[in-house]
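Undergrad: This is the structure I have questions about; it appears just below.
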């Protein structure tokens with residue numbers, strides 16, 4: 001079960017979030033606390049809006065897709081693509097709103113990691129654009 005430390009008082013720059021998430025039509029109701037133990041995630045301070053979110057099929061737990069060498073890792077076994085992080089959050093406080101329908105601006109200067117083609121295919125009602 002994912003746990004959050006609520007004593008940290010660090011500010012997150014969210015100035016690009018509304019540019020990355022161009023149109024938000026539907027989210028996972030109530031949001032989720034993410035498991036941030038995937039490879040490469042614990043080394044980050046902030047998960048930026050536009051990060052790919054996955055879900056473990058056995059437990060239903062939502063997780064940030066791991067990173068390796070500056071790009072997303074492949075989807076782990078027994079996981080599915082769940083959506084896209086709508087707001088930048090501290091890794092130490094991963095309270096997440098997860099887009100399941102809408103439009104994402106995946107321009108390189110906004111989203112630090114190229115969204116995998118398999119995620120784009122699986123997330124059928126999310127449009128990915130570079131405008």
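Undergrad: What is the number of the single condition among (1) farther than 18 Å from residue 120 by Cα; (2) modelled with pLDDT of 95 or more; (3) surrounded by 16 or more Cβ atoms within 10 Å (Cβ to Cβ) that residue 38 does not meet?
TA: Evaluating residue 38 over (1) farther than 18 Å from residue 120 by Cα; (2) modelled with pLDDT of 95 or more; (3) surrounded by 16 or more Cβ atoms within 10 Å (Cβ to Cβ) leaves (2) as the failure.
Undergrad: Sticking with this structure for a sec: Need at least 3 residues that are within 22 Å of residue 18 (Cα to Cα) per element, so show me which strands (runs of 3 or more DSSP E) inside the stretch 59-131 make the cut, counting only ones lying wholly within it.
TA: The strands (runs of 3 or more DSSP E) meeting that bar are 79-85, 98-105, 126-129.
Undergrad: Can you tell me which residues in the stretch 93-119 are closer than 19 Å to residue 30 by Cα and either crowded, with 17+ Cβ neighbours inside 10 Å or over 12 Å from the mean Cα position of the chain (by Cα) (or both)?
TA: If the condition is that a residue be closer than 19 Å to residue 30 by Cα and either crowded, with 17+ Cβ neighbours inside 10 Å or over 12 Å from the mean Cα position of the chain (by Cα) (or both), then 93, 94, 96, 97, 98, 99, 100, 101, 102 are the ones that fit.
Undergrad: Of all residues in the stretch 1-29, how many are part of a loop (DSSP other than H, G, I, E, B), at pLDDT 95 or above and either at positive phi or in contact with a strand residue (DSSP E or B) (Cβ under 6 Å, 6 or more places away or on another chain) (or both)?
TA: Of the residues in that region, 1 qualify.
Undergrad: Please verify whether the stretch 78-87 includes one or more residues that are farther than 17 Å from residue 113 by Cα, at pLDDT 95 or above, surrounded by fewer than 21 Cβ atoms within 10 Å (Cβ to Cβ) and out of contact with any strand residue (DSSP E or B) (no Cβ under 8 Å at 6 or more places or on another chain).
TA: no
Undergrad: Quick one: residue 50 ticks every box in (1) closer than 27 Å to residue 131 by Cα; (2) within 11 Å of the chain's Cα centre (by Cα); (3) in a strand (DSSP E or B) bar one, so which box is it?
TA: (3)
The values are calculated or read from the model by the stated rules, or taken from the named source; none is laboratory data. This one's a predicted model, so the numbers in the text were calculated from it and none came from an experiment. Cβ sites come from the backbone with ideal geometry, for glycine too, and all protein chains shown count toward neighbours.
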